[in-house]
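Reviewing the structure listed below.
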There are 2 protein chains.
Amino acid sequence: MHNITVLGAGYMGSAITFPLADNGNKVNLWGTWLDDSLIESSLKGFHPKLKKPLPEKVNLYYWQDMGPALEDSEIIFFGITSEGFVNVFKMLLEHLNPKKDYYFFKLTKGLVEYNNEIVRASEAANDMFANKFPDKIFSLATIAGPVRANDLSHRMPSASVYGISDEKLRIILPDFSTDYYRIFPSSDLKGVEICSTFKNIYAIAAGFCDGIYKKENIGLYYNTVSFIFNQSVVEMAKIIRMSGCSQETVYDLAGVGDLHVTSTTGRNRRYGEMVGSGIDGETAFKKLVEEGEYGEGYIALKLAIPWLSNLGNEAGAKDFIKNELPLLDTLRNVVYGNCEPVSEFKKLIMKLGC
Amino acid sequence: MHNITVLGAGYMGSAITFPLADNGNKVNLWGTWLDDSLIESSLKGFHPKLKKPLPEKVNLYYWQDMGPALEDSEIIFFGITSEGFVNVFKMLLEHLNPKKDYYFFKLTKGLVEYNNEIVRASEAANDMFANKFPDKIFSLATIAGPVRANDLSHRMPSASVYGISDEKLRIILPDFSTDYYRIFPSSDLKGVEICSTFKNIYAIAAGFCDGIYKKENIGLYYNTVSFIFNQSVVEMAKIIRMSGCSQETVYDLAGVGDLHVTSTTGRNRRYGEMVGSGIDGETAFKKLVEEGEYGEGYIALKLAIPWLSNLGNEAGAKDFIKNELPLLDTLRNVVYGNCEPVSEFKKLIMKLGC
């Protein structure tokens, strides 16, 4: 049994409390300054996003109470959006006990802006931690895989991959799993993290097909969706290869598995559908935000372009996107270049195969 | 422009005539002895399975007219079920002109029974051809990828992989492709063929989840479907590795891509749904047959067990299925072992991850 604090009371932060509590751990859930209404409602017995009560044993904390929320815990989960990650991590550092050893588990996906650079969230965390505690080891797992919060909190069989920085973390993992939440450890933290960024981008592509074809061709463009799904996997594998990570990572839960669920359902897919149907990229993003949702793929795509450029030299990477990632290039042209989706998509199809 | 004869007037045989004819080829479509009603209706302007007229320029032939159907052609497509493949191939051999060089393209998926052995369809074809024409080269492409016949005949963007036995075939492929039918050549014929067998088996697994969970959990078990999709890819990759084929094949259109479309829709997925909901394996198969459909995955699963055994020695392979292919093992237990689906599925979940 562990004392665990989960930071962030949105979808994933709240959902992870289900297996953690079911496995007998003591779980504190802390909401950010954006989560007050979620905490308030949860205290009354109903989480508005998950549409159900949280597990009884979960203790709830408002953002002002980070200190008490962390007091007994050595295990900390991040259920923060990529946009809020750096700020929450900075705040967290002020509350950590220098005498304790912590284990961090990051549900946050995607790239972050940190010190005027675009980096993986774990790189930013590592740097902030090392500045504060230069003599301590930073033990982090980055979590990915096909896990929608609603399904997890409904206790449906789900599989998650934990990319670990440190073999010590491997021993703890069975204490988080249940008969419906299965955990697969991976030593390729970096690969897992990169996959979890790009699957949000490529999930836009699946929705994009719906936006273009759904109106007039219901039930008759499965081939196209699967063609694009496959192309997404092919391109993610190239990115993983270029990053020096393990190919196995992309062909397993963090890549293929997570892309599968994200392409089937969810906000990024829906974002793609809006864009494919002709709504411009920015307007579509604003629509999601108005509905209280967050289009992570839209942000990730914006950050991915310069990030991919840093993978090689700038000129080489420009060619890398154009030549090797034609689907990502198409998404960029439509989402950020205001290109017309149908003609861009037709051009893409003609670039593929013979 | 080529003269092309397509054998088999069912879903795929008929659908492939669309890109072939649209690309300016002269196309003959020959129906087997089971296809008389399809030919009759198509002659009147309506293909009953595709629910539309075939392209105007396609010439139609009843099974008695194989000779005339083949007369001018050097390119022959097989759109035959795996059960009918050997018999049609034997019949074909009687009509081939020994002075001509033929190119064969096989849409047939799966394993076949041939000379009391279970072999890949291309192995059977190769052997029959070599016996009849010992001095001739047998040039064959095996076709796979996420291509549903209905979508293809609706001219929706589709991607197909052609596993070729012979580099000469590569040159012809652009003569079959159109702006909606993109062709990807592969030198791994064997790997493409094995993938096209096993994706039909693993598509049962996707339906299986629906059978177990759909009734009471609509919209809340996407995680489970994606978990199982991912596990299918992992197990197909192991089979491909054990067969000595290229890993790239399974992570591209023949594997991931085709599994994606087959798991999303179609007969094998539906078969799995019936079995998951508690209908026994044989009854579910008979139901499909009564509706004029054919459950290729059910047959493929039956043939796959002894075929996998021949991959190693018999004892080793038995362990290989049990230890390395737990999902396939579960499908076997339910479909052919009359095990109860829900408890078998729960056992499977507990075997995966930690």
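Worth a mention:
- Test result for A:N230, surrounded by fewer than 24 Cβ atoms within 10 Å (Cβ to Cβ), facing chain B (nearest Cβ under 7 Å) and either in contact with a strand residue (DSSP E or B) (Cβ under 8 Å, 6 or more places away or on another chain) or of a type outside the set (K, R) (or both): no
- Screening the stretch B:263-304 for residues that are in a helix (DSSP H, G or I) and within 12 Å of another protein chain (Cβ to nearest Cβ) and picking the one that is surrounded by the most Cβ atoms within 10 Å (Cβ to Cβ) gives B:S263.
- Note on the stretch B:238-262: among residues that are of a type in the set (G, A, S) and surrounded by 22 or more Cβ atoms within 10 Å (Cβ to Cβ), the one that is farthest from the chain's Cα centre (by Cα) is B:G257.
- Given (1) closer than 21 Å to A:N338 by Cα; (2) in a helix (DSSP H, G or I), number of the condition A:S232 does not satisfy: (1)
- Whichever residue in the stretch B:38-54 is in a loop (DSSP other than H, G, I, E, B) and of a type in the set (A, V, I, L, M, F, W, C) and, among such residues, is surrounded by the most Cβ atoms within 10 Å (Cβ to Cβ): B:L54
- Taking the listed residues B:K57, B:K26, the one that is in the same structural domain as B:K109 (by TED's automatic domain parsing), modelled with pLDDT under 95 and either surrounded by fewer than 22 Cβ atoms within 10 Å (Cβ to Cβ) or farther than 19 Å from B:E293 by Cβ (or both) is B:K57, with no other qualifying.
- Residue in the stretch B:211-223 that is aromatic (F, W, Y), within 9 Å of chain A (Cβ to nearest Cβ) and touching a Phe, Trp or Tyr at 6+ places or on another chain (Cβ under 6 Å) present: yes
Yes/no matrix, rows are residues, columns are (1) within 11 Å of chain A (Cβ to nearest Cβ); (2) surrounded by fewer than 16 Cβ atoms within 10 Å (Cβ to Cβ); (3) modelled with pLDDT of 95 or more:
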site: B:K106; (1), (2), (3): no, no, yes
site: B:F129; (1), (2), (3): no, no, yes
site: B:L140; (1), (2), (3): no, no, yes
site: B:V147; (1), (2), (3): yes, no, yes
site: B:S165; (1), (2), (3): no, no, no
site: B:I183; (1), (2), (3): yes, no, yes
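- Count of residues meeting criterion [of a type outside the set (G, A, S) and assigned to a strand (DSSP E or B)] in the stretch B:121-173: 6
- Scanning the stretch B:186-221 for residues that are in contact with a His (Cβ under 9 Å, 6 or more places away or on another chain) and aromatic (F, W, Y) yields a single hit, B:Y221.
- Pairs with Cβ under 7 Å, 6+ apart, first in the stretch B:236-262 and under 19 Å from B:A141 (Cα atoms) and within 12 Å of another protein chain (Cβ to nearest Cβ), second surrounded by fewer than 24 Cβ atoms within 10 Å (Cβ to Cβ) and of a type in the set (F, W, Y): B:L253/B:F184
- Here A:P326 fulfils each of the conditions (1) surrounded by fewer than 24 Cβ atoms within 10 Å (Cβ to Cβ); (2) away from every other protein chain (no Cβ under 13 Å); (3) touching a residue at least 12 places away in the same chain (Cβ under 8 Å); (4) of a type outside the set (S, T, Y) apart from (2).
- Flag if A:F208 is within 14 Å of chain B (Cβ to nearest Cβ), of a type in the set (F, W, Y), part of a helix (DSSP H, G or I) and crowded, with 24+ Cβ neighbours inside 10 Å: yes
The values are calculated or read from the model by the stated rules, or taken from the named source; none is laboratory data. Quantities reported herein were computed from a predicted structural model and do not represent experimental measurements. Positions of Cβ are backbone-derived with ideal geometry, glycine not excepted, and every protein chain shown enters the neighbour counts.
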